[in-house]
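Worksheet for the structure shown next.
The values are calculated or read from the model by the stated rules, or taken from the named source; none is laboratory data. If you're wondering where the values come from, they're calculated on a predicted model, not measured in any experiment. So basically every Cβ, Gly included, is an ideal-geometry build from the backbone, and we count neighbours across all protein chains shown. Note: areas computed on protein heavy atoms with side chains; ligands, DNA, RNA excluded. Shrake-Rupley method; radii C 1.70, N 1.55, O 1.52, S 1.80 Å.
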Amino acid sequence: MNDTVPQTASTADVLAVMALLPHRFPMLLVDRVIDMIPGRSATGIKAVTINEPFFAGHFPAKPIMPGVLIVEALAQTAGVLAIHGARAKDPAGGDKLVFFMAIENAKFRTPVEPGCLLHLKVQVVQDRGRVAKFTGRAEVDGKLVAECSFTAMIADPPAA
């Protein structure tokens, strides 16, 4: 466990996000968390730049962020919230991972292009300890660009 993660954080910079999630470039899709109410909600930020590796093929003439990666960014924001909460409950519990179990009602409203600042808003709908349900909304300039519901499980990492 990384002791640099505060237990009462309402924000998390990229280093704190990386201390909570195992993801690294190019799969780390949350740059920071600007608001977090432990056990309830979090808002992450993803600065979408033309340097993202997926833009080379999606689509070169009109680059847009793949919807599945927007959902992944929402899930990573929920992962920060869930792992932060798990460590607050049991600081000696060690490192945990968050795994998708289900994605439901995903809707994509507006393409996300390079230069956008993606706001990733997640809320806990149901928490049963190791399994939680979330809703997620991705917004650009206050406008809804994607939304979904998803279920995730907190688990120990697989044995090496």
Simple spin-label estimate for Val68 and His23 in nanometres, 7 Å along Cα-Cβ: 1.4
Residue-normalised accessible area of region 17-160, given per residue in Å² at a 1.4 Å probe: 51
Distance (nanometres) between label positions extended 7 Å along Cα→Cβ at Arg130 and Asp156: 1.0
Of all accessible heavy-atom area on the chain, the percent that carbon and sulfur account for (1.4 Å): 58
Helix 67-89 axis, angle to the chain major axis (alpha carbon atoms, nearest 10°): 20
Added length on full extension, which subtracts the Cα-Cα distance from 0.36 nm per residue, Lys89 to His58: 7.1 nm
Mean ellipticity per residue at 222 nm, deg cm²/dmol - from DSSP H runs of n ≥ 4 across the chain, formula -39500 (n - 2.57): -6000 deg cm²/dmol
Peptides ranked, highest mean first, by Cβ atoms within 10 Å: ranges 55-61, 38-44, 111-117: 38-44, 111-117, 55-61
Partners for Lys121 among lysines (Cα-Cα distance below 20 Å; same-chain residues under 8 apart left out): Lys46, Lys107, Lys133, Lys143
Structure-derived P(r) over Cα pairs in 10 Å bins from 0, in percent: which label, when the choices are (i) 9, 35, 31, 14, 8, 3, 0; (ii) 10, 38, 38, 13, 1; (iii) 11, 42, 34, 12, 1: (iii)
Inter-part distance where region 77-115 and region 40-75 are each reduced to a Cα centre, Å: 15
In sequence order, calculated HN-Hα J values of region 33-50 (Karplus, 6.51, -1.76, 1.60; Hz; x Gly/Pro): 10, 9, 7, 9, 10, x, x, 10, 7, 7, 10, x, 10, 10, 7, 8, 10, 5
